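In what follows, a single structure is set out as structure tokens and then discussed.
What follows is calculated from the coordinates using simple rules that are stated; it is not laboratory data. What you see is a predicted model, and the numbers here were worked out from it, not measured in a lab. Here the Cβ positions follow ideal geometry from the backbone for every residue, glycine too, while neighbour counts run over all protein chains shown.
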Amino acid sequence: MIPNIYILPIYANQNHLENHRYETEHESKIKFSKQGLQIELSEVNSLIENKYSLNLTSAKYEVEGSTTEIKEAKIHHHPKGHPFKHLQFKLKSKHEVIRIFLDDLNDEDYQKCIKGFLYLTQRIIRLEKDENNISENLQNYFFNEKIKELRNDKNYLLIKIKQSYERGNVLDDNNNSLNKEKLIELKSENHLLPFLEWED
């Protein structure tokens, strides 16, 4: 079992960070809710097995017509199900799940990928702010100044994603490798684009 990974608390705004320790896991999270929008950034470490997840979920609830749209991005590993370290994206409105399996990672490389993922969540949070006309400074709500240190980790993660695509390890929910046409289609989804901005 690899040692627990605690990354979010280092780069989070401590004023909004919540820590919850349960019998089987430890969770750190920041949650923002306003005008029918909810954004949650959470890190979960299992205390009893080799399981970890850094997860960004944004949900928009529209009372009229009872419409719910949920977008989720996570980097995680778990010995069951999909045992390999991977990124996963869910777009509920499109009924799509995309998985990017990350190859040849030791623990240090995996932590670089986690930090790169955390850096890229800033763009998604800014996008939600702009799309939903939120006046609060969500950058400062979620993060402290140390988040700027992770720029190189973002570049490392994008290289690993590109390598995964070239090896056929970017898969849809039917475990089919994404072709170039599908990749171009996914790049039109603003919430996925930060993870797909590398040279084809």
### Query
How far apart, in nm, are the 7 Å Cα→Cβ label points at Q14 and N152?
2.6
### Query
Among the listed pairs K51/K90; K29/K182; K51/K146; K90/K160, which are separated by more than 30 Å between their Cα atoms?
K29/K182
### Segment N179-Y22, extension gain: residue separation times 0.36 nm, minus the distance between their alpha carbons
52.3 nm
### Task
Give, in nm to one decimal, the length gained when the segment between E40 and E197 is fully stretched (0.36 nm per residue of separation minus the Cα-Cα distance).
54.2 nm
